[in-house]
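Q: There's a structure below that I have some questions on.
Bear in mind these aren't lab numbers, they're just calculated from the coordinates by the rules spelled out. All values derive from a computational prediction rather than experimental measurement.
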Amino acid sequence: MPGSLDEYPIHADRLRIAFSTHHSLFTTRTRRFPTPGSRLPTPANRFLAMQIDFFSARARIASNVHVTPLLRSSLLGTRIGCRLFLKCENLQKTGSFKVRGVLNKLSQLDDIARERGVITISAGNHAAAIAWAGAQ
């Protein structure tokens, strides 16, 4: 099943614990206030909840996006004094990383929302990603 924690066996148990205990209180997209008497999420558990969101999104879009290279930039890294890596999302299907977020969002729409459609106020990379994803 796309988005299943079983696809990531190394962290699955830790992620399940974080998800079951704290994900309903805090997610990266929706800020919900805890109910009185409930435990507040710790920074570590918020991080694990974000990992759950990340791995779930990654699984949902994996079949529709390119795996783009991560390249080391020695010259620029030396100039700024660190090891610097560049993620080449310009090689993605629409020329930017925007397709990742668009595909993730569109894959989560229910039938009613999908029937209504989506609107974007963009003439750039985001609009191109929506147009491409909508044609899939």
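Q: Percent relative contact order of the stretch 56-104, based on C-alpha pairs within less than 8 angstrom and at least six residues apart?
A: Once divided by the residue count of the stretch 56-104, the mean separation gives 38 percent.
Q: Please quote Rg/Rh for the stretch 45-134 to two decimal places, taking the Kirkwood radius as Rh and restricting both calculations to Cα atoms.
A: Taking Rh as the inverse mean 1/r over Cα pairs, Rg/Rh reads 1.07.
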